[in-house]
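Peer 1: Once you've had a glance at the structure underneath, I'll fire off some questions.
The values are calculated or read from the model by the stated rules, or taken from the named source; none is laboratory data. Owing to the predicted nature of the structure, the values given are computational and were not obtained by experimental measurement. Methodologically, a virtual Cβ is constructed for each residue, glycine included, from the backbone with ideal geometry; neighbour enumeration extends over all protein chains shown. Remember, those area values only see protein heavy atoms, side chains included, never the ligands or the DNA or RNA. Shrake-Rupley method; radii C 1.70, N 1.55, O 1.52, S 1.80 Å.
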Amino acid sequence: MRAEFEELIRAVTNEADCIDDLTEIIREQRSAMAERDVDSVNALMDESRDIFFDTQTQDALRNDLAKKLAAKYSCEPKVSSLAAVMDNEERTIFNGAADRLTQSIFVLKSEMIILNGLIDQNEQYTSMLLSEWQRLNGDRVAQSGSADFRG
């Protein structure tokens, strides 16, 4: 296998690994939130931030390598175009790595949709609680004839 394609395949695989790690951290965060473990949530937030930066680094490396190879072989920096200039062994391994990256991204997007749904539910629940609190406090204001306007 040519070193330049091996390097690209390694970059694609490393990016998929980072995304898989990020997905796992998001799942752990969701579990820690359900258990109301604030310390774990905060620690996992820090860890997810570090993994996110690693993922960005791997993404930039993969993009750079793809662009360089595309320029060298006069093709587009896309999986199908790059695979077309590879030999059978390289193509098979590369397509497998690209499929894995695509799957990792899909799973991460699914986790983000779940997380966004939970955030939306939390906003609605908080809004309901705040409305009820204001309603109850409003009754007290009407009874006492005064209100506290401090923020």
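Peer 1: Please give the per residue accessible area of the chain, computed with a probe of 1.4 Å over protein heavy atoms only, in Å². Don't skip to the answer; put the middle values down first.
Peer 2: Values: 10330 Å² over 151 residues.
Dividing the accessible area of the chain by its residue count gives 68 Å².
Peer 1: With labels modelled as points extended 7 Å from the Cα through the Cβ direction, what inter-label distance (nm, one decimal) is found for S81 paired with R135?
Peer 2: So the two model labels end up 6.0 nm from each other.
Peer 1: A follow-up question, please. So how tilted is helix 38-72 from the main axis of the chain? Cα-based, degrees 0 to 90, rounded to 10.
Peer 2: Taking the Cα atoms of the chain, the angle to 38-72 is about 30 degrees.
Peer 1: From largest to smallest, what semi-axes in whole angstrom does the chain give when each is the square root of 5 times an eigenvalue of its alpha carbon gyration tensor?
Peer 2: The answer is 51, 15, 13 Å, longest axis first.
Peer 1: Read phi for every residue in region 115-122 and hand back ³J(HN,Hα) as whole Hz from Karplus 6.51 cos²θ - 1.76 cosθ + 1.60, θ = phi - 60°, with x for Gly and Pro.
Peer 2: Calculated HN-Hα couplings, in order: 4, 4, x, 5, 5, 4, 4, 5 Hz.
Peer 1: Simple spin-label model, 7 Å along Cα-to-Cβ: K68 to M33 in nm?
Peer 2: It works out to 3.9 nm between the two label points.
Peer 1: Also: Using a Gaussian network model on the chain with a 10 Å cutoff between Cα atoms, which of A11, A34, A70 fluctuates the most?
Peer 2: Of the options given, A34 has the highest mean-square fluctuation.
Peer 1: Same structure again: Got a sec? Charge dipole of the chain, +1 on Cβ for Lys and Arg, -1 for Asp and Glu; which of A32, N14, T57 is way out at the positive end?
Peer 2: Projecting each Cα onto the dipole axis, the largest value belongs to T57.
Peer 1: Which percent of the accessible area of the chain is formed by carbon and sulfur heavy atoms (probe 1.4 angstrom)?
Peer 2: Here carbon and sulfur together make up 54 percent of the probe-accessible area.
Peer 1: Something else now. Note down the magnitude of the dipole of the chain about its Cα centre, charges +1 on Lys and Arg C-beta and -1 on Asp and Glu C-beta and zero elsewhere, to the nearest 20 debye. Mind showing how you got there, number by number?
Peer 2: Numbers: 17 positive and 29 negative charges, 113 e Å.
Dipole of the chain, to the nearest 20 debye: 540 debye.
Peer 1: How high is the FRET efficiency from N95 to M128, r the C-beta distance, R0 35 Å, rounded to 0.05?
Peer 2: The calculated FRET efficiency here is 0.10.
Peer 1: At 0.36 nm per residue, and after removing the present C-alpha to C-alpha distance, how many nm does the segment from L118 to D59 gain when stretched out fully?
Peer 2: 18.5 nm
Peer 1: Which residue fluctuates the most in the chain, going by a Gaussian network model with Cα springs under 10 Å, if the choices are S127, S74, S31?
Peer 2: Fluctuation is largest for S127.
Peer 1: Under a plain spin-label model, where a point goes 7 Å from the Cα along Cα-to-Cβ, how far apart in nm are A3 and S40?
Peer 2: Reported label-point gap for A3 and S40 is 4.6 nm.
Peer 1: Under a 1.4 angstrom probe, counting protein chains only, how are F106, F5, F52 ranked by accessible area, largest first?
Peer 2: F106, F52, F5
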